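Comments concern the structure below.
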Amino acid sequence: MTRHVTHWIGGKPFDGEAARRGDVYEPASGRVAGTVDFAGRDEVDAAVAAAKGAFPGWRDASLAHRAKVLFRFRELVSAHGEEIARLISAEHGKVISDAAGEVARGLEVVEFACGIPHLLKGGFSENVSTRVDAYSILQPLGVAAGITPFNFPAMVPMWMFPVAIACGNTFVLKPSEKDPSASVRLAELWAEAGLPDGVFNVVHGDRDAVDGLLHHPDVRAVSFVGSTPVARHIYATAAANGKRVQALGGAKNHMLVLPDADLDLAADAAVSAGFGSAGERCMAISVVVAVDPVGDELMARIRERVAGLRVGPGDDPEAEMGPLVTRAHRDKVASYLDGGVAQGATLAIDGRDPDVLGGAGDGFWLGPSVLDHVTPEMDAYRDEIFGPVLSVVRTGSYEAAMELLSANPYGNGTAIFTNDGGAARRFQNEVEVGMVGVNVPIPVPMAYYSFGGWKDSLFGDSHAHGMEGVHFYTRTKAVTARWLDPSHGGVNLGFPTNG
């Protein structure tokens with residue numbers, strides 16, 4: 001029996017008939033496991049209308065009440081974390097432990113948003129003129145939209161909507177149609193937590209749904225995470241329609257290994273960061289830059305570790321890496337192996353015929369793969385592959401490595417492995433990348449800092465979550481006030497409480 005996934009509009013599942021539907025696959029077997037409704041203009045309009053209608057009441061809800069709802073939502077997501085992880089694993093393919101980690105990292109942003117009474121404090125100046133006070137307040141924008149990718153169907157939406165909702169906005173989420181179930185389960189948990197109907201809505205679909213949100217006059221802000229070409233389109237289209245936009249694009253994350261580095265630590269990091277979630281993450285390490293003379297020794301240690309990796313279905317507790325999300329994506333990623341060899345790289349590890357726990361069947365399998373002696377002219381270096389293909393580039397010096405990183409159009413994440421504090425400090429100062437790790441391969445910041453890159457990895461002026469997220473989902477109002485006579489509210493001996 002296949003699963004059917006539909007929209008969540010106005011606090012309940014969509015009860016209309018969809019004009020179009022898409023298939024949802026089980027990547028481990030290759031079979032169609034369900035269908036998902038695709039939104040057209042009518043469904044997008046209905047979701048935005050529900051969000052717009054709910055906005056005045058939610059905007060005026062006290063900060064104490066918003067925080068209570070967020071705390072309840074946090075407890076519900078935590079209690080149902082394994083269930084959500086299994087939904088992700090079934091539709092995306094990642095192993096359950098990886099999916100559970102995704103839910104946990106998303107919850108960190110929910111926990112950050114629970115502190116919204118503190119985060120929305122404005123400024124105050126008394127007596128700027130005689131008996132005149134001035135102060136600033138942060139107010140919500142209205143209806144915000146989030147457009148999110150397939151690789152993190154729970155975590156990336158939770159980078160957006162907890163902060164947006166905590167700030168008093170209402171929200172319409174357009175998740176990836178490839179793995180839509182987690183978003184609907186989160187909507188159900190929001191309702192159980194007491195969020196008013198219409199504050200959080202989900203519409204599924206493809207470009208029609210996306211463009212419907214980008215052009216809708218009642219959508220005030222758009223958040224996006226995905227590839228750079230789409231991020232550029234999102235930014236240009238939404239900005240042209242007068243919306244506030246944060247569009248996080250693609251990446252080509254480099255890991256620089258200096259000769260003094262702990263090579264066991266570096267090899268562990270390269271394998272973990274390159275092949276976790278089958279390489280389908282924007283913070284994956286896709287290029288290892290080995291400074292002479294450590295290239296050969298580092299490659300030997302990477303090879304040892306890859307040989308021990310277990311590839312299998314996400315629900316197999318022994319599996320460390322699952323399949324890719326679709327057959328087309330698997331084939332595209334695999335094509336970079338032949339292309340790399342044709343352009344002069346060495347195929348050091350070929351993952352095209354992996355040993356799969358329980359048998360490969362008709363799943364979308366590609367094992368860990370390594371291209372060595374890659375150069376900047378090759379497609380495998382220039383393109384965001386978004387799969388389990390690690391490129392190794394050899395350089396003769398730190399300066400040559402930095403020239404390589406500086407020339408790359410992406411600036412999402414990077415890492416340096418060294419035991420030299422001076423070299424690390426120089427690197428973090430000089431590198432033109434938004435997130436930097438020192439002996440940390442995937443430098444995703446904690447929720448109270450902000451996530452986002454530089455250069456072609458970001459379109460717009462704001463990163464996700466943290467205080468940049470709070471500022472993105474609010475606008476500042478400055479008030480100058482004179483009160484000539486104090487008011488008197490009468491006597492009340494009861495203990496004051498928050499309402």
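The values are calculated or read from the model by the stated rules, or taken from the named source; none is laboratory data. From a predicted model like this one, the values you see are computed outputs, not experimental measurements. Cβ placement follows ideal geometry from the backbone for every residue including glycine, while neighbour counts extend to all protein chains displayed. Areas reflect the complete protein model, heavy atoms only, side chains present, ligands, DNA and RNA absent. Shrake-Rupley method; radii C 1.70, N 1.55, O 1.52, S 1.80 Å.
For this structure, a couple of remarks:
- Any hit, the range 3-15, residues being of a type outside the set (A, V, I, L, M), more than 20 Å from residue 186 (Cβ to Cβ) and touching a Ser or Thr at 6+ places or on another chain (Cβ under 7 Å): no
- Residues located in the range 189-210, provided they are touching a Ser or Thr at 6+ places or on another chain (Cβ under 9 Å) and closer than 11 Å to residue 8 by Cβ: 198, 200, 201, 202, 204
- Residues satisfying the stated conditions in the range 85-113, i.e. open to solvent by 10 Å² or more (accessible area, probe 1.4 Å) and either farther than 23 Å from residue 363 by Cβ or basic (Lys, Arg) (or both): 86, 104, 105, 107, 108, 111, 112
- Positions within the range 189-206 being in contact with a helix residue (DSSP H, G or I) (Cβ under 9 Å, 6 or more places away or on another chain) and assigned to a helix (DSSP H, G or I), in sequence order: 189, 190, 192, 193
- One residue stands out in the range 128-140 among those that are at pLDDT 95 or above and open to solvent by 60 Å² or more (accessible area, probe 1.4 Å): the one that is farthest from the chain's Cα centre (by Cα), namely 135.
- Residue selected from the range 194-224 under the condition open to solvent by 10 Å² or more (accessible area, probe 1.4 Å) and among the hydrophobic types (A, V, I, L, M, F, W, C), by the criterion nearest to residue 453 (Cα to Cα): 224
- Some residue of the range 64-84 being open to solvent by less than 60 Å² (accessible area, probe 1.4 Å), of a type in the set (A, V, I, L, M) and in a loop (DSSP other than H, G, I, E, B): no
- Hits in the range 1-49 (condition: assigned to a loop (DSSP other than H, G, I, E, B), open to solvent by less than 60 Å² (accessible area, probe 1.4 Å), among the hydrophobic types (A, V, I, L, M, F, W, C) and out of contact with any His (no Cβ under 8 Å at 6 or more places or on another chain)): 18, 28
- Count of residues meeting criterion [within 18 Å of residue 14 (Cβ to Cβ), part of a helix (DSSP H, G or I) and open to solvent by less than 10 Å² (accessible area, probe 1.4 Å)] in the range 158-188: 5
- Those strands (runs of 3 or more DSSP E) lying entirely in the range 434-493 with at least 3 residues crowded, with 18+ Cβ neighbours inside 10 Å: 458-460
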